[in-house]
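In what follows, a single structure is set out as structure tokens and then discussed.
The values are calculated or read from the model by the stated rules, or taken from the named source; none is laboratory data. Predicted, not measured: the structure shown is a model, and the values here were computed from it. Here Cβ is always computed from backbone atoms with ideal geometry, including for glycine, and neighbour counts include all displayed protein chains.
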Amino acid sequence: MDLEDHQHDNLFYVLDKANSKQMSILKEEFNVKLGKTLEEKRDQIIHYVMSDTVNFNFFTRWLSQVYLNLNNTIYIFEPEHKSLFKKYNYKYVSAILNDILCPVYEIHANSIIDIQVIDYQYINLNNQMIISLAAPSLVMDNSKENPTTFKDVYFGYIIIDYNKEHITLSLYPQPHVYSINNIETSNRDLDKVANNFINFFKKNIWAFNSTPPEWIVFAMSDIVDEYFNHNNPLIDKKLDEFKENHITGILDILEEAEKSIDESNKLRLSYAIGNAFESELIEIYKTQPNKSKFEIFLHEADKGIVSFKANSKGKPLTYADSRNVVKMMMESSYISSLGITYSEDEHNYPYKITKLSTCFCLKRATTAYTPKEIVDNVLYNLNEYKTRKETENDSSTDQESR
């Protein structure tokens, strides 16, 4: 009741962006009933806020995070100096944010001219800090013969994860968006917009240099190996026996047939023969269920100016049809991007992973509702590959020192 009319209008403007799933958060938190249509639900929410059934501070935070569970383009930055996470703790960052905070009820498409911090929240359970940002945008109106643009407000989120010691930028691949903070977008490509948001964060909140995430390339390779691993110990045993007892003899026969075969030829032949024999063993003894955390639907690899792609358009790559092709791609080139699917509670969440120069990113092909907890789980499982790689490197260093 203390708000002015224009502030009411601003709240209603953002409320109009909330979908049914976002509204269900209020329904569950305050155990209230909502109407059937979106309009009825919005009216009910306003009624509950006015009657203090829904806490106003909770309401404004919920509005500030209206697109948090739709943000299907994720950029993960790893500051070079991990000690900064101790310096820039929750209290330190909160003090900075308080000085530049612009509440969501002060935000409107006709008045916002630059990126604004509209809310922040520390989640003790996850040791994470969510910073909600708003920026001016232009959206295409295709309902007319001559499409025009209209002003809108775009919401993005930066999450500081003090456990994983990385900073995540979460963006919404909004349909029909033409520009965000005066940066034009194309086919919902948000890479330039991401740079703009993270630069705002560095300039106004926390300056840091990013470590190139080389580990994600190894992680993608490990995911592929796991996914296409036959997981059958009998095949491993027979393959080892074959290599130990028969490869040399086969190479001798080939050398007898072709005198020009040298040592480099032998290495390639040995590898090819082993792969061929393994493929036949798999055909005979079959694969066993693997323990891979992700399924794979896309594998892109680069070799100079040549690109290779295996793509099943969101569906898992089949073992029989794809294994040999993907294996050859991995032998001759580096993975440039990988399509993975994470599954939980019978729901599938496909993401395309790509390594960029200062970060790596996860992009979904759709704008489907994706709870933040799912993104956290995907990043947690990816981080396990990083931990594994660091452990391997530490073990190698220890052995060398001895």
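Cβ-Cβ under 6 Å, sequence separation 6+ or interchain: first residue in the range 92-112 and modelled with pLDDT of 95 or more, partner among the hydroxyl-bearing types (Ser, Thr, Tyr) and not in a loop (DSSP other than H, G, I, E, B). Which pairs?
Hits for this filter: LEU97/TYR120; VAL104/THR60; VAL104/SER64.
List every residue pair whose Cβ atoms sit under 7 Å apart, with the two residues 6 or more apart in sequence or on different chains, where the first one lies in the range 269-281 and is within 14 Å of LYS238 (Cβ to Cβ) and the second, anywhere, is assigned to a helix (DSSP H, G or I) and charged (D, E, K, R).
Cβ pairs passing all conditions: GLY274/LYS243; LEU281/LYS238.
If we scan the range 251-264, do we find a residue that is assigned to a loop (DSSP other than H, G, I, E, B) and closer than 30 Å to PHE360 by Cα?
No, because not a single residue in the range 251-264 is assigned to a loop (DSSP other than H, G, I, E, B) and closer than 30 Å to PHE360 by Cα.
Do we find that ARG61 is modelled with pLDDT of 95 or more, in a helix (DSSP H, G or I) and basic (Lys, Arg) in this structure?
Answer is yes for this residue.
So which residues in the range 121-147 are within 30 Å of PHE85 (Cβ to Cβ), of a type in the set (S, T, N, Q) and part of a strand (DSSP E or B)?
Selection gives GLN121, GLN128, SER132.
Out of the residues in the range 119-142 meeting the condition of being among the aliphatic types (A, V, I, L, M) and over 23 Å from the mean Cα position of the chain (by Cα), tell me which one is farthest from SER170 (Cα to Cα).
For the range 119-142, the residue satisfying everything is MET140.
Given the criteria free of Cβ contacts under 8 Å to residues at least 60 places away in the same chain and either buried (at least 18 other Cβ atoms within 10 Å of the Cβ) or on the phi < 0 side of the Ramachandran plot (or both), does ILE198 qualify?
The answer is no for ILE198.
Quick check on this structure: which one of SER132, SER179, SER186, SER143 is surrounded by 14 or more Cβ atoms within 10 Å (Cβ to Cβ), without any contact (Cβ under 8 Å) to a residue 60 or more places away in the chain and farther than 26 Å from GLU390 by Cβ?
SER179
Can you confirm whether GLU255 is in contact with a helix residue (DSSP H, G or I) (Cβ under 7 Å, 6 or more places away or on another chain), charged (D, E, K, R), surrounded by 15 or more Cβ atoms within 10 Å (Cβ to Cβ) and not assigned by TED's automatic domain parsing to the domain that holds ASP141?
For GLU255, the condition - in contact with a helix residue (DSSP H, G or I) (Cβ under 7 Å, 6 or more places away or on another chain), charged (D, E, K, R), surrounded by 15 or more Cβ atoms within 10 Å (Cβ to Cβ) and not assigned by TED's automatic domain parsing to the domain that holds ASP141 - is not met.
Run down LEU234, LEU190 and say which single residue is more than 21 Å from the chain's Cα centre (by Cα) and modelled with pLDDT of 90 or more.
Going through LEU234, LEU190 in turn, just one is more than 21 Å from the chain's Cα centre (by Cα) and modelled with pLDDT of 90 or more: LEU234.
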